[in-house]
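Peer 1: This structure is in structure tokens; I'll ask about it shortly.
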Amino acid sequence: MNMTEVEFSDRLLSLDHILGKFAYSLTREKTDAEDLVQETYLKALWNQDKYVNNENFKAWVFTIMKNTFINEYRRSARMYMCNNQSEESLYNNRARSSGFDDPDSAYSILEMSQIINRLSDKFRIVFKMHYNGYKYKEIADVLNLNMGTVKSRIYLSRKKLQEQLDM
């Protein structure tokens, strides 16, 4: 027997407080967390017909939130890269902020950025999140991975970067 729309909405709204906390742990910004909760509500309501009663409702909704966050992170990363595609733009944006003054250093940064973007999703996302300041535990929680897997992927990403730069 499936839930009625009212029962479904009531169960969804009963998760408001813990969804808000989880969203904040992902975004670290109050307004972004609120937006993520709203987006999760919308997606859950749009996909109500896909929920099977014998599934864990809370886990189902949290998975929607996590996937929404990850997809938004990927979209933001693509948008950032699209806005900064030219070598000159990359040099101007990265070289000064990293303290590198010579063109060779700027080229290395461009080269590293291209190598990072060639990594498979499972390595690139973890590596970029770590680079952007997320702690191992936060990455593990967001991506639903073991901490050892996160550390391993970051290590392997660094190793792949180093191998490519040594060529």
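Peer 1: What ranking do K128, K137 get, fewest neighbouring Cβ atoms within 10 angstrom at the top?
Peer 2: The order, fewest Cβ neighbours first, is K137, K128.
Peer 1: Run the numbers on the stretch 112-165 and let me know its relative contact order in percent, using alpha-carbon pairs under 8 Å that are six or more apart.
Peer 2: 44 percent
Peer 1: Taking N as the number of residues in the stretch 1-83, what is its Cα Rg relative to 2.2 N^0.38 Å?
Peer 2: For the stretch 1-83, the normalised Cα radius of gyration is 1.18.
Peer 1: Order by neighbour count: L119, L19, L156, fewest other Cβ atoms within 10 Å first, most last.
Peer 2: L156, L119, L19
Peer 1: Using Cβ contacts closer than 10 Å as the measure, can you line up K66, K30 from fewest to most?
Peer 2: Least crowded to most crowded, the residues run K30, K66.
Peer 1: Let me ask something else. Using a cut-off of 13 Å between beta-carbons, work out the net charge of the residues near L19 (Lys and Arg +1, Asp and Glu -1, L19 not included).
Peer 2: +1
Peer 1: Past the 25 Å Cα-Cα mark, which pairs from K66/K159; K30/K160; K30/K135?
Peer 2: K66/K159; K30/K160
Peer 1: A further question on this structure: Around M147, with a cut-off of 15 angstrom between Cβ atoms, what is the net charge of the other residues, counting Lys and Arg +1 and Asp and Glu -1?
Peer 2: Net local charge, M147 excluded: +2.
Values quoted throughout were computed directly from the atomic coordinates according to the rules given, and no laboratory measurement underlies them. Since we're looking at a predicted model, the values are computed, not measured. Glycine also receives a Cβ, built like all others from the backbone with ideal geometry; neighbour counts cover every protein chain displayed.
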